[in-house]
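Accompanying notes for the structure given below.
Derivation of every value follows stated rules applied to the coordinates shown; laboratory data play no part. This one's a predicted model, so the numbers in the text were calculated from it and none came from an experiment. Because the Cβ atoms are built from the backbone with ideal geometry, glycine has one as well, and the counts that use them run over all protein chains shown.
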Amino acid sequence: MKQFAVIGCGRFGSSVAKTLYNLGNEVLAIDKDEEIVQEISEHVTHAVQADVMDENVLKELGIRNFDVVIISIGSDLEASILATLIAKELGVKWVIAKAQSELHGKVLSKIGADKIIFPERDMGVRVAHNLVSTNVLDFIELSPDYSIVEITAISEWENKSLRELKLPTKFGINVMAIKREKCINVSPYADDVILHGDILIVIGNTEDIKKIEKNAGD
């Protein structure tokens with residue numbers, strides 16, 4: 001069992017936190033919004049309302065003891081940067097930080113973030129301009145074991161709802177978003193239907209995702 005801390009539990013952060021927990025890991029979710037903390041508390045190991053710009057707070061939470069810290073703070077760039085800096089200074093070995101722009105990403109990289117991810121860009125611009133022949137378009141590695149992946153819906157999934165497909169049960173993956181033409185459906189519902197050409201952004205065990213890629217290519 002690995003230990004993950006997710007700082008910032010908006011749509012992206014909460015999806016990551018809940019899925020990592022469902023996959024059997026220990027997950028600490030941290031957010032400044034009490035309502036968000038209450039909502040996610042039943043879906044993770046621990047949920048805490050805290051000011052992540054306070055070094056003492058993160059120190060008391062034992063943040064340095066986690067295998068991976070994911071900083072997915074949304075629009076508050078100052079909080080994102082300070083949380084990343086504090087996490088690295090406290091000795092966190094692997095810090096993944098969500099960036100809102102290229103400049104934001106450069107700053108996060110310079111202060112020590114081990115990996116920068118651009119969820120909005122990755123779901124839109126990059127997917128649109130970097131389509132390749134394989135079903136799996138790109139990986140965002142969260143850790144050696146877990147990844148977020150862009151995958152073109154395989155033919156067997158077309159015209160079926162997420163409820164019918166039971167992807168978490170059959171493939172060990174959870175769908176975070178569906179990209180269709182110029183639109184992105186973030187946090188899709190169970191009754192949403194997969195259509196031909198849809199691009200799914202999924203999170204799951206890297207080995208399970210590789211099995212999907214192999215089966216799709218057969």
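Quick one: Debye curve from the alpha-carbon atoms of the chain only, equal weights, vacuum; give me log10 I(q)/I(0) at q = 0.12, 0.14 Å⁻¹ to two decimals.
-0.62, -0.84
Assuming R0 = 41 Å, can you tell me the calculated FRET efficiency for the pair residue 102 and residue 191, based on Cβ-Cβ distance, to the nearest 0.05?
0.65
Taking the alpha-carbon set of the stretch 24-108, what are its Rg and Dmax in Å?
Both quantities, over Cα of the stretch 24-108: 12.5, 36 Å.
Under a plain spin-label model, where a point goes 7 Å from the Cα along Cα-to-Cβ, how far apart in nm are residue 90 and residue 50?
Taking the simple label geometry, residue 90 and residue 50 are separated by 0.5 nm.
Please express the Cα-Cα pair-distance distribution P(r) of the stretch 63-108 as a list of whole percents, one per 10 Å bin, running from 0 to the bin with the greatest distance.
31, 55, 15
Highest mean first, how do 68-76, 100-108 rank when packing is the count of other Cβ atoms within 10 Å averaged over residues?
Final packing ranking: 68-76, 100-108.
Say the cut-off is 23 Å between C-alpha atoms; which of 2/179; 88/110; 110/179; 98/179 go over it?
Pairs exceeding 23 Å: 2/179; 110/179.
So, in nm, how far is label residue 166 from label residue 59 when the simple model puts each one 7 Å beyond its Cα toward the Cβ?
5.1
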